[in-house]
Each structure stands twice: as structure tokens, then as C-alpha cells.
Amino acid sequence: MNITVYLGSRCGNQPCYADYAYALGAWIACHGHTLVYGGSRTGLMGKLADGALQAGGEVIGVEPQFFMDEELQHEGLTKLIVTPDMTSRKQQMMDLGDIFLAFPGGIGTLEEISQVMSQVKLHQLEGRFAFLDFNGYYQPMKALIQQMSAEGFVDKAWADGVPFLPSLAGLTAFVLGRDLPKPGETWRHFKNHMYRILDLADDAETGETYVVYKTLYGEYRDFIRPLDMFLSEVDHEKYPDVPQKWRFEKTAGLCSWNPAISSQYLKK
């Protein structure tokens, strides 16, 4: 899947945004997706590309010629597409994307995601979009969209459905089209088997999120697996049981297992 990300060519005043951008790039690569972005090496754009490339992912950059003339392009990209102007750059990034994400950025970022929202709403663009609301950056945008609804300029159902994702865990669920589990939540499984969510744990290095859960039948044992696999495979209608290989003591080395996370939960 191609994930198009719009974000700032500056890093902003808060160091956390650079860290989030790098983690997002790593997340995209570690989940087997291809990053599509503006192609520059500066600011958050460069951090995003670095995160994906250093995690072994593929990165497609789309850079207008006048930025190439200023030598702003990232030199390590899998593929670099040069366009004659900004208009064709935006169209190329939309043509390439399957999912469109707005990360913190400036006027250009706002312009790009606004065009995506409009095109999707008018059924002129296939795909889904979301705002990555890290550090609450897009709360004013959320309020504006709700104001548009309150004033009668957009439908309430559409306004309420615009995704604002505060974390990579939320992004995992969004990409899979699932709801994010919450600690303490009970999930009904096939044949009345029950699971209770114990915790969600993030791996800061890879951006991976793990879900820790307990089976409420049999030996009442704890399990842990990557959140995307949990959401896609532990389905309360399609999967009758969790394979034995996912038992806690047998998981090491499987599916991006992280010992630093396992040590938090492994019970001797």
C-alpha cells in the first residue's frame, strides 16, 4: 500500500515532531508499506524519509523542478519523480497514494490535505485520509470542521467521521479499518471465547505497537502480539482460536518481537 504523507519542510519549535516524523517513517516501512512524500531532505520531511529508509522501506519522493534547482531533494530515495510545478506535484502525490495522512506542517500541508479532503468528498479520488493529531496539533482543525457543520456548510455525519489520530496505535487501527482496543476492554471471540485487553505497548525505535491480552478461558494465560496482527487475525467471528505459537513463552523471535517490551509482561 502507498501511504502519502503531507508535512512540514521545517521541524517546528518542538523537538517531539521530528521524533514523531521519524517514527512514522519507520512504522510505514516496518508494516510493508511504501512512503510517498514531497521528496525534500529538510525539516520534518527529511526526518520522515530517514525513518522509512533506515527501517528498510521504499520511499517515493515527488519534487518540483524549482526545488531541484535549489538542491533540496533527499539523495537516498528509492525513486524521485520531478514535476514541472507544484500543481503537478500535488496531483502526482494523489495519483500515487492509497491512504493520505496530514502530519504537522504549515500552509502547504494544509493546502494539500484540503485538496485531498475535497476530492475524496466529491468522489473524485479513491482512498482514505486522516489527520495525525500528534501532540494535539490538529485540534483547531477539528474544531473548524465541527464549526462548518454547526453553521450548515458540511453534513454532520461527514464532519464527525473525519479521523484525527493521536498516536501510531490509532494509525494501525485506521489502516486496517478496525477500532482501536482499550485496556480493560473485553472482546467476544468465536464460540464464546473471551479476551480481555491488558495493555498497549509502543516500541519507540520501530513505531510498532503491541497489544497485551489475557484469555478468559482455559489456562487464563497472557498473550502479546503486534497490534496490526491482533486486529487482523484475532477476529471474533472468523478465527476460532489463537494458534499455540502465539503463547507468551514461545513468541520470541516472531513477528518483530521486542525483548524490551516482553520483559515488561513476561511472568515467570
TODO: Compute the distance in nm between two label points, each set 7 Å from the Cα along the Cα-to-Cβ direction, one at T78 and one at D95.
DONE: 1.9 nm
Open item on the list: As a footprinting exposure proxy, order F174, F153 by other Cβ within 10 Å, with the fewest listed first.
Closed with: F153, F174
Task: Residue order, fewest to most beta carbons within 10 Å, for C30, C16 - done: C16, C30
Task: Long-range amide H partners of T78 with built H, under 5 Å - done: V59
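Given the pairs K79/K142; K47/K90; K156/K214; K79/K182; K121/K214, which are separated by over 31 angstrom at their Cα positions?
K79/K142; K156/K214; K79/K182; K121/K214
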Open item on the list: From the phi angles alone, apply the Karplus equation (6.51, -1.76, 1.60; θ = phi - 60°) to the range 110-117 and give each ³J(HN,Hα) in whole Hz, x where the residue is Gly or Pro.
Closed with: 4, 4, 5, 6, 5, 5, 4, 4
Open item on the list: As an exercise, identify the GluC sites (Glu not before Pro) in the range 1-81 lying in DSSP coil whose Cβ has no more than 14 other Cβ atoms within 10 Å.
Closed with: E70, E71, E75
Task: Under the Karplus curve 6.51 cos²θ - 1.76 cosθ + 1.60, θ = phi - 60°, whole-Hz ³J(HN,Hα) for the range 150-161, x wherever Gly or Pro sits - done: 4, 8, x, 8, 9, 5, 4, 4, 5, 4, 5, x
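Every read-out reported here was derived from the displayed coordinates using simple, explicitly stated rules and does not represent laboratory data. Predicted model, so just to flag it, every value in this text is computed and none were measured. Note that we place each Cβ from the backbone using ideal geometry, even for glycine, and neighbour counts take in every protein chain shown.
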